[in-house]
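Have a look at the structure below, then the notes.
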Amino acid sequence: MILPFEPHDPKWKKQFESIKLELQFLLKPLNPQIDHIGSTAVEGLSAKPIIDIQIGVENETDLDWLPGLLKLPNIVYYEKYNQDWPERRFFILLKEPIYSIGVPDVVKMGDDIPAILHDHELRIAHLHAFVKGSSDWTRHLALRDYLIAHPTIRESYQELKEKLTQLDWKDGNDYNMGKDLFLKTQEKIALVWYKERIQ
């Protein structure tokens, strides 16, 4: 699959703000911290036009409340990913209601992901939920802020993404593996920079 890839668009920030308001309403009992992360949050980076949103909650119990609270007709919960990444809860927000494209609201352990859900053209946002202050929660914020503050690194990442998006990928996870070495290297540097900055 060739993934969609677009120049940075100011509307991505507006999309995030709109989705954030909806999430704050749905998740009011948990009082989460909701952040725009990933490439669409970094001005100057091209990206798949899918908004990455991080939901920070107080504890693991709150993580388990999320699937019950995030009930919209266009949200799919990927329960199947919990086994490999138990610290995260992952959801996708679709452009169409799930009933109109014939997919379940939960992809459970042991289920195959319906082929249509691999179509990134159908997605509006990815929702990544973590406990606030956890290593995953922190590294996403650190990398975002580091890329914003360091144009040379941002440009190197942009060049890598441009090369990778010319290739045919099995799915979005496969594409992410192509970025993994660069991101892991930069995340280590970004975390040191970020922690020094917030002290």
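Rule-based calculations on the coordinates, nothing more; no lab input. Everything numeric in this text was worked out from a predicted model, so none of it was measured. Cβ coordinates were reconstructed from backbone atoms using ideal geometry, including for glycine residues, and neighbour counts include every protein chain displayed.
As a size descriptor, the averaged projected area of the C-alpha convex hull of the stretch 1-79 was calculated at 6.2 nm². Decide, for the stretch 105-195, between rounded, prolate and oblate: order the square roots of the alpha carbon gyration tensor eigenvalues as a ≥ b ≥ c, take rounded if a/c falls under 1.5, and otherwise choose prolate if a/b is larger than b/c, else oblate. Cα axes put the stretch 105-195 in the oblate bin. Helices that extend 18 Å or more along their long axis by alpha-carbon positions and average at least -0.5 on the Kyte-Doolittle scale are, among the DSSP H runs of the chain, 135-149.
Beta bridges from DSSP with both residues in the chain: antiparallel share about 65 percent, rounded to the nearest 5. Size descriptor for the chain, Kirkwood hydrodynamic radius: 17.5 Å (Cα pairs only, one decimal). Taken over the alpha carbons of the stretch 78-155 as equal point scatterers, the Debye sum produces base-10 log I(q)/I(0) values at 0.13, 0.16, 0.17, 0.26 Å⁻¹ of -0.56, -0.76, -0.82, -1.18. Run the reach check for LYS163 against lysines, Cα to Cα strictly under 19 Å, same-chain hits fewer than 8 apart removed. What comes back? LYS163 reaches LYS48, LYS179, LYS184.
The mean sequence distance of close C-alpha pairs (under 8 Å, at least 6 residues apart), as a share of the length of the chain, puts its relative contact order at 23 percent.
Can you sort SER100, SER156, SER46 from fewest to most other Cβ atoms within 10 Å of each residue's own Cβ?
Numbers: SER100 11, SER156 14, SER46 18.
Placing the least packed residue first, the sequence is SER100, SER156, SER46.
Computed over the chain with a Gaussian network model linking Cα atoms closer than 10 Å, the most mobile of PRO32, PRO67, PRO114 is PRO114.
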